[in-house]
Amino acid sequence: MAKESTPHEPQVPESELESTVDTPTSEETAAETPSHEEEIQALKDQNLRLYAEFENFRRRNARERLDLMATANEKVLKSVLPIVDDFERALKNIAPDSPERVGMELIYTKLMNTLKAEGLKEMESTIGQVFDVETMEAITNIPAPSPDMAGKVVDQIEKGYHLGSKIIRYAKVVVADQQPA
């Protein structure tokens, strides 16, 4: 049905009127709105990412908890090390056959076993080794007693200790100077 034309409106056939109206086609609406499968896939991806993020959080939290427990032990163990040093000095100055030495050795052994159970490890003796800045602290230098001892450790003032893989106290040593040429 054609409209009657009025003097102000140009006459346009009905078929042209329908084509000029912007109505989205079914293909255009399908492209603009995601299908149910795409929406499901997007939600699955989001769920997977959230699950992975939660697992990472859980692992990180467990690792931080273990680190915290290790650091708490570190502080206590570091404070006990001077007592261990005193025990060792006392044992060096007590006669080997005295009954006091037997009691001191018993207490020292129990203390050291307890500290080892907490993860404390004594560093190997450093006497005769080349000075290593990674594991040793030089207290002083003395002239080398022989040319082959130059740059090596000649005495150990305090032992060094590890807690797991971390050094909690560096070995305090005396190093022989290089001899002048």
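The values are calculated or read from the model by the stated rules, or taken from the named source; none is laboratory data. Since this is a predicted model, take the numbers as computed values, not measurements. Because the Cβ atoms are built from the backbone with ideal geometry, glycine has one as well, and the counts that use them run over all protein chains shown.
Assorted remarks:
Residues are listed down the side, and each one gets a yes or a no for (1) under 16 Å from I168 (Cα atoms); (2) in the same structural domain as K159 (by TED's automatic domain parsing); (3) not charged (D, E, K, R):
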| position | (1), (2), (3) |
| --- | --- |
| E74 | yes, no, no |
| K78 | yes, no, no |
| D86 | no, no, no |
| P96 | no, no, yes |
| G103 | no, no, yes |
| V133 | yes, yes, yes |
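- Between A90, A72, A62, A52, the distinction of being within 30 Å of K116 (Cβ to Cβ), at pLDDT 90 or above and loosely packed, with under 11 Cβ neighbours inside 10 Å belongs to A62 only.
- Filter result for K78 (without any contact (Cβ under 8 Å) to a residue 60 or more places away in the chain, out of contact with any helix residue (DSSP H, G or I) (no Cβ under 7 Å at 6 or more places or on another chain) and within 18 Å of L111 (Cα to Cα)): no
- Residue within the range 109-120 that is at negative phi, surrounded by 15 or more Cβ atoms within 10 Å (Cβ to Cβ), at pLDDT below 95 and outside any helix (DSSP H, G or I) present: yes
- Scan of the range 55-109 for residues that are under 23 Å from the mean Cα position of the chain (by Cα), closer than 25 Å to L163 by Cα and of a type in the set (D, E), ordered by number: E64, D67, E74
- If only residues of the range 166-181 that are part of a loop (DSSP other than H, G, I, E, B) and farther than 23 Å from P82 by Cβ are counted, the one that is nearest to the chain's Cα centre (by Cα) is Q178.
- One residue stands out among those in the range 143-158 that are of a type in the set (D, E) and in a strand (DSSP E or B): the one that is surrounded by the fewest Cβ atoms within 10 Å (Cβ to Cβ), which is D155.
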